[in-house]
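Structure first, commentary second.
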There are 2 protein chains.
Amino acid sequence: MNSSRPVTIKDIARRFRCSPSTVSRALNDHPAINEDTRKNIQEYAKEVGYQRNEVSLSLLNKKTASLGVVVPTISNYYETAVIEGLHTVLQPMGYTLNICVTNESYLLEKESLSKLLSNRTEGIFLSVSQETYDAGYYEHLESVIQRKTPLIFIDREYEDFETSRATVDDYHGAFAAVEHLISIGYKQIAHLKGPNGLTVSEQRFKGYINCLKKYNMPIREDLIINTNFKVESAILPTKRLLELASPPDAIFGVNDQVAIGAMRVAKDKGLRIPQDIGLVGFDNSPISAYTFPSLTTVHRPGRKIGMEASRLFLNQLNGSGDFAPESIVLPSELVIRESSLRI
Amino acid sequence: MNSSRPVTIKDIARRFRCSPSTVSRALNDHPAINEDTRKNIQEYAKEVGYQRNEVSLSLLNKKTASLGVVVPTISNYYETAVIEGLHTVLQPMGYTLNICVTNESYLLEKESLSKLLSNRTEGIFLSVSQETYDAGYYEHLESVIQRKTPLIFIDREYEDFETSRATVDDYHGAFAAVEHLISIGYKQIAHLKGPNGLTVSEQRFKGYINCLKKYNMPIREDLIINTNFKVESAILPTKRLLELASPPDAIFGVNDQVAIGAMRVAKDKGLRIPQDIGLVGFDNSPISAYTFPSLTTVHRPGRKIGMEASRLFLNQLNGSGDFAPESIVLPSELVIRESSLRI
DNA sequence: GAAATTTTTTCAAACGTTTGCATTCAATAT
DNA sequence: ATATTGAATGCAAACGTTTGAAAAAATTTC
């Protein structure tokens, strides 16, 4: 019976009539092991496909080399870019990434964290779910903190936690976007807002509002409509905007997806972009450069955020006892393309 | 000194002057434990934030409840949809997903698999890297097979392995796409092909070729150009196509990204879509429904593939000894939109 | 009040590996 | 021939948990 039980160090020891210690040392090139013994054991190990059981080592050394990544979703360009960034830095260092998707649910987030802790994950990257954020829950984070497991916030953060965080400067990105529209000469700028309560939504919204204020432009409640970040969630809101008695002459979308949805609706209505209506998105997703017209947007360095977050984690890990949390805020950058360039 | 060493069962045992066994049983509601003892221990455990060390359990039970997902990239809509599908089924069952990105590199793939096996992952979902596929390497899979760790191929497969696999019927999808273009009346259909050697590229290419053959249409080498799936890789090839003495009147892109790139170039050249040139993509990515004109494409059920792959894994896991690998081929489905509807 | 029974707790082994210390054995030095 | 050295290997504990079997304690029975 070709049992599939993995070969252990004991099996090898039995085969060579020696102790497990000897096998262990032989496999690890310990100098105190006889050259012949070493070679024989190594050869045999290779032959039978021995592979060290890392689980037992984890138990022994209390090192699992695994990290948790807890995010609301992975079906956006930005989120995957962040994960790629984490990966780029951490995979080469031997870390394994455990991805947990919360679907914006508090319960799933709580369970994910608990599971990660039980698995003795060595660090957790967390972008809190909307539900968590809305409700202001934070108890589930206490145990992470208490365990002193490094916890790095990504994008969505709690102000009152002593943890490191890596975020993009959404506020100034949004501000720059709106300022750009104003500088071109657009007068009635609408905003397709993201879900209420999320930092990213609110920061961009604040950027939008404050920029309008700065330039003494009226703030019209009817030009601000919610979306859920998805392209289809922009369709109806945009239609409503364009049917207003006094419709906007520009739209600032909370991300590229909704801006592209808006673009579609505007074109369907026969409006010319950017002549009749200006458009700006957020994210600088790959597609945004190739829409027609190409979409003015705000670049959001997802990969870089992932890499910076990794750095923050490593700092905390290697830091001496007097660890001080760091906050990294990466600048977002306006990318001007055709959809806003009315001349 | 507020040590962060996690509380163990032994700590609790010491506190209650009882044996670890009692604590273990108390925490697991074992019936043989005195009611008072149980309550006291459970209360105390909660108070000090005891959390079972799953690593030790993994060692004991040889069950890690973790699964490997090895993919070339996670920055495409399709790949993330697959992962979401896996997640949807497997996370509720208590599995943790270890995501490994290979960047199409054989070496990284090999290392990832080896790592997963060392970590005693209970199953592996693999979409082989292009390098692996090109070179026809397969030795690194032997150890997975030998360990009898369930291995499920996703999309890209090796014909000669006794493993389950879940793939999309790319061939017929491509065939249907081209047939549709022909039925509309397009005569010179170009193909923006994916990278050579990859199953998805080649299957779609084959569908394209065979469809042309079936309808006795000429196969023009100059209308077939390679891309790398990314939107920008479609720009130059499309330009070249459109500058031909006898340019195509339709383009079938290997995915939505390149089709959208082609759309952009065609529009820049002043061509009307679908009147002057028809366009079809592949994937049915969210954005494809909202381009202007909307993009005819072939739906590729990524989420479903992930869910089916999970099912295959579970079948293999629960199957009796006489496991027979299954092959699931999900149909792809033509989604007709504006970009090909010349009337 | 002793025997029988039931309830509750402890013991010990197991999972796979590493590692400080002890041991063995052979070779060299005296 | 004996003590000394050095090389090679073995022993045992440790990591945290579970679990069958044994032991101890409490309760019931006659």
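General observations
- Test: B:Thr96 is touching an Asp or Glu at 6+ places or on another chain (Cβ under 6 Å) and either more than 24 Å from B:Pro286 (Cα to Cα) or more than 7 Å from chain A (Cβ to nearest Cβ) (or both): no
- Per the listing A:Val128, A:Val168, A:Val200, the residue uniquely open to solvent by less than 40 Å² (accessible area, probe 1.4 Å) and in contact with a Leu (Cβ under 8 Å, 6 or more places away or on another chain) is A:Val168.
- Hits in segment A:290-310 - residues which are out of contact with any strand residue (DSSP E or B) (no Cβ under 8 Å at 6 or more places or on another chain) and within 22 Å of A:Lys187 (Cα to Cα): A:Pro293, A:Ser294
- Residue within segment B:242-249 that is under 30 Å from A:Asp268 (Cβ atoms), acidic (Asp, Glu) and open to solvent by less than 10 Å² (accessible area, probe 1.4 Å) present: no
- Flag if B:Ala81 is open to solvent by less than 50 Å² (accessible area, probe 1.4 Å), within 11 Å of DNA strand D (Cβ to nearest atom) and outside the structural domain of B:Ser288 (by TED's automatic domain parsing): no
- Test result for B:Gly306, at pLDDT 95 or above, in contact with a Leu (Cβ under 7 Å, 6 or more places away or on another chain) and assigned by TED's automatic domain parsing to the domain that holds B:Phe153: yes
- All positions within segment A:180-196 that are farther than 26 Å from B:Tyr290 by Cβ and surrounded by 14 or more Cβ atoms within 10 Å (Cβ to Cβ): A:Ile182
- Of everything in segment B:117-144 that is touching a helix residue (DSSP H, G or I) at 6+ places or on another chain (Cβ under 9 Å) and within 11 Å of another protein chain (Cβ to nearest Cβ), the residue that is modelled with the lowest pLDDT is B:Ser143.
- Residues considered: A:Ile328, A:Ile287, A:Ile343. Of these, the only one that is in contact with a strand residue (DSSP E or B) (Cβ under 8 Å, 6 or more places away or on another chain) and β-branched (Val, Ile, Thr) is A:Ile328.
- Applying the condition of being under 15 Å from A:Arg52 (Cα atoms) and among the small types (Gly, Ala, Ser) to segment A:17-33 and asking which residue is nearest to DNA strand D (Cβ to nearest atom) yields A:Ser21.
- Single match in A:Val70, A:Val7 (criterion: within 28 Å of A:Asp256 (Cα to Cα), more than 11 Å from DNA strand D (Cβ to nearest atom) and not polar (S, T, N, Q)): A:Val70
- 1 or more residues closer than 19 Å to B:Glu232 by Cα: qualifying strands (runs of 3 or more DSSP E) within segment A:251-343: A:297-299, A:333-335
- In segment B:8-17, the residues that are free of Cβ contacts under 8 Å to residues at least 24 places away in the same chain, surrounded by fewer than 17 Cβ atoms within 10 Å (Cβ to Cβ) and over 15 Å from A:Lys62 (Cβ atoms): B:Arg14, B:Arg17
- Filtered residues of segment B:99-116 (kept if at the interface with chain A (Cβ under 10 Å from one of its Cβ atoms), surrounded by fewer than 22 Cβ atoms within 10 Å (Cβ to Cβ) and in a helix (DSSP H, G or I)): B:Leu108, B:Glu111, B:Ser114, B:Lys115
- Unmet requirement for A:Val254, which otherwise passes all of (1) within 11 Å of chain B (Cβ to nearest Cβ); (2) within 19 Å of the chain's Cα centre (by Cα): (1)
- Close pairs (8 angstrom Cβ cut-off, 6 or more residues apart or separate chains): over 17 Å from A:Pro6 (Cβ atoms) in segment A:33-49, more than 12 Å from DNA strand D (Cβ to nearest atom) anywhere: A:Arg38/A:Asp29; A:Gln42/A:Leu27
- Only a single item in (1) open to solvent by less than 60 Å² (accessible area, probe 1.4 Å); (2) within 12 Å of chain A (Cβ to nearest Cβ) is not met by B:Arg5, and it is number (1).
- Among residues that are in the same structural domain as A:Ser143 (by TED's automatic domain parsing) and within 30 Å of A:Glu139 (Cα to Cα), A:Leu97 is included.
- Counted residues, segment A:47-62 - those being open to solvent by 90 Å² or more (accessible area, probe 1.4 Å), within 11 Å of DNA strand C (Cβ to nearest atom) and more than 9 Å from chain B (Cβ to nearest Cβ): 1
- Whichever residue in segment B:251-289 is polar (S, T, N, Q) and open to solvent by less than 20 Å² (accessible area, probe 1.4 Å) and, among such residues, is nearest to B:Leu241 (Cα to Cα): B:Asn255
- Residues within segment A:145-167 that are out of contact with any Phe, Trp or Tyr (no Cβ under 9 Å at 6 or more places or on another chain) and at pLDDT 95 or above, tallied: 0
- Screening B:Asn76 on (1) at the interface with chain A (Cβ under 9 Å from one of its Cβ atoms); (2) crowded, with 19+ Cβ neighbours inside 10 Å; (3) of a type in the set (S, T, N, Q); (4) more than 27 Å from A:Glu84 (Cα to Cα) shows it passes everything except condition (4).
- Restricting segment A:145-158 to residues that are within 14 Å of another protein chain (Cβ to nearest Cβ) and farther than 19 Å from A:Ser58 by Cβ, the residue that is least open to solvent (accessible area, probe 1.4 Å): A:Leu151
- Residue selected from segment A:23-46 under the condition within 8 Å of DNA strand C (Cβ to nearest atom) and more than 14 Å from every other protein chain (Cβ to nearest Cβ), by the criterion surrounded by the fewest Cβ atoms within 10 Å (Cβ to Cβ): A:Ala32
The values are calculated or read from the model by the stated rules, or taken from the named source; none is laboratory data. From a predicted model like this one, the values you see are computed outputs, not experimental measurements. Neighbour counts run over all protein chains shown; Cβ positions are idealised from the backbone, glycine included. Side chains are part of the model used for accessible areas, which takes the heavy atoms of the whole protein and leaves out ligands, DNA and RNA. Shrake-Rupley method; radii C 1.70, N 1.55, O 1.52, S 1.80 Å.
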